[in-house]
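This report concerns only the one structure given below.
Just so it is clear, none of the values below were taken in a lab; they were calculated from the coordinates. Since we're looking at a predicted model, the values are computed, not measured. No Cβ is skipped: glycine too gets one built from the backbone with ideal geometry, and neighbour counts run over all protein chains shown.
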Ligand code: ADP
Ligand code: MG
């Protein structure tokens, strides 16, 4: 789960991290009030969307020369004008994709006098089973670009979970950023606070870009992007409450209610499969036959009829779906349960696109019988490649 910048800063400040003062705003009036409370002299109006690159982003309908989603201004009236322009508008950044994201909330923050910008992130490294720290002197720009063009400017080290952060970690961070004296001490302290926040709240990523040195030699977190491990959210009710569903795909939200592993994609063939491996193989083979999958969907091993029905409804509700391939290998999952779920969902929702069903395994005969006797217009397939070929043909034929 991802959260907004202002929420990330609030979480970090609970662990003692120094962040600029600021207030979230959901309307122009709230933005103005926030600016009045801050008092100035410099304000920053920041679009809150779950994507980076806001500063260099472009608002739809404002033309290529308009300012982006992070604006430094010098009066309350300018805050008002920026807020009026940003609210409800779609911001396109290199991380949002071409569709962009609508801005529904802003963060009004005090302006900082920036002397230097750095990059700092903490993330779970599966290879070492540790939290890795990534630091670079090249702050404020895309770290992917730095990694590509000047990889020697990125320093990495990991922290042993048994010991946590030690003073030498702080020194490594300070030396990789070229910080000396009091700033080196500040770096050590900050790293300890960030690591504590990371572990205590089960983060999977904490990215600070930029981390800055101010004109009066203070280390400050100016931007923060945080992702949490979904599997650990149950033990952090306060963090789970920070979820902003308007930032997520409604189909994925619906799927998560039924505990379905569903990820929306851009293609035209909806897939309903059991088992992550088979789901991946199904997506591959659809591509092999020249089409693109509209989703990844694993209904799981012990799915009920209700779950299958819900899954089928989510797929059919997607207007991009031009055909559906159901590919089930019944092991623990019985083919008759799948068949019943599909039939029930189609009865309820109707079927406007071709449907190919491939069933194999436990109770396969019963499953096929249920579908055959339902009177539905379903094409049955014998194996994986037969199924993929048939659905791609059916979709291309209809086009
Ligand atoms: P994004 O990464 O989405 O573009 P940032 O929060 O990193 O958004 O802001 C982009 C740039 O705007 C920063 O690199 C920094 O130069 C400037 N900036 C952001 N917040 C402030 C602030 N509070 N004071 C001064 N400058 C800021
Ligand atoms: Mg940033």
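Our Cα-only numbers for segment 114-240 put the radius of gyration and Dmax at 14.4, 42 Å. Expressed as an acute angle from 0 to 90° and rounded to the nearest 10, what is the orientation of the C-alpha long axis of helix 5-14 relative to the principal long axis of the chain? Roughly 60 degrees, rounded to the nearest 10.
Taking the C-alpha atoms only, the angle from helix 76-86 to the longest principal axis of the chain is near 20 degrees. Scattering from segment 24-136 was approximated by placing one identical point on each alpha carbon and applying the Debye formula without solvent; log10 I(q)/I(0) at 0.12 1/Å stands at -0.50.
Were the residues from residue 237 through residue 155 laid out at 0.36 nm apart, the gain over their Cα-Cα distance would be 26.1 nm.
Computed over the chain, relative contact order equals 12 percent, with contacts defined as Cα pairs under 8 Å that lie 6+ residues apart. Counted residue by residue at 0.36 nm each, then reduced by the alpha carbon distance between them, the extension gain from residue 141 to residue 217 reaches 25.2 nm.
Of all DSSP bridge pairs formed entirely within segment 250-398, close to 20 percent run antiparallel. Comparing mean-square fluctuations of 17, 273, 226 from a GNM of the chain with C-alpha springs under 10 Å, the top value falls on 273.
The slack in the chain from residue 254 to residue 74, taken as 0.36 nm per residue of separation less the alpha-carbon distance, amounts to 60.5 nm. Neighbour counts of other Cβ atoms within 10 Å put 176, 184 in the fewest-to-most order 184, 176. Look at where the Cα atoms of segment 220-251 and of segment 341-360 average out, and the two centres are 35 Å apart. Per residue of the chain, what 222 nm ellipticity follows from adding -39500 (n - 2.57) for every DSSP H run with n ≥ 4, rounded to the nearest 500? So the calculated ellipticity at 222 nm is -11000 deg cm²/dmol. For the chain, DSSP calls about 75 percent of its internal beta bridges antiparallel.
As a proxy for reagent exposure, 168, 6 were ordered by neighbouring Cβ count within 10 angstrom, fewest first; the result is 168, 6. Computed over the Cα atoms of segment 1-69, pair by distinct pair, the Kirkwood hydrodynamic radius stands at 13.8 angstrom.
Compared with the dominant principal axis of the Cα atoms in the chain, helix 276-288 is inclined by about 80°.
In angstrom, the C-alpha Rg and Dmax of segment 291-375 are 12.0, 33.
Normalised by 2.2 N^0.38 Å, where N counts its residues, the alpha-carbon radius of gyration of segment 199-337 equals 1.37. Considering only C-alpha atoms, what is the centroid distance from segment 102-141 to segment 363-395, in Å? Distance between centres, Cα-based: 50 Å. Taken over segment 242-314, the percentage of Cα pairs per 10 Å bin, counting from 0 up to the bin with the maximum distance, is 20, 50, 26, 4, 0.
Computed across segment 250-398, the Kirkwood radius stands at 14.6 Å (inverse of mean 1/r, all Cα pairs).
Convex hull volume per residue, computed on the Cα atoms of segment 47-109, equals 80 Å³. Across all C-alpha atoms in the chain, the radius of gyration and Dmax reach 25.4, 80 Å. Return the percentage of antiparallel bridges among DSSP beta bridges fully within segment 17-114, rounded to the nearest 5 %. Antiparallel bridges: around 100 percent, rounded to the nearest 5.
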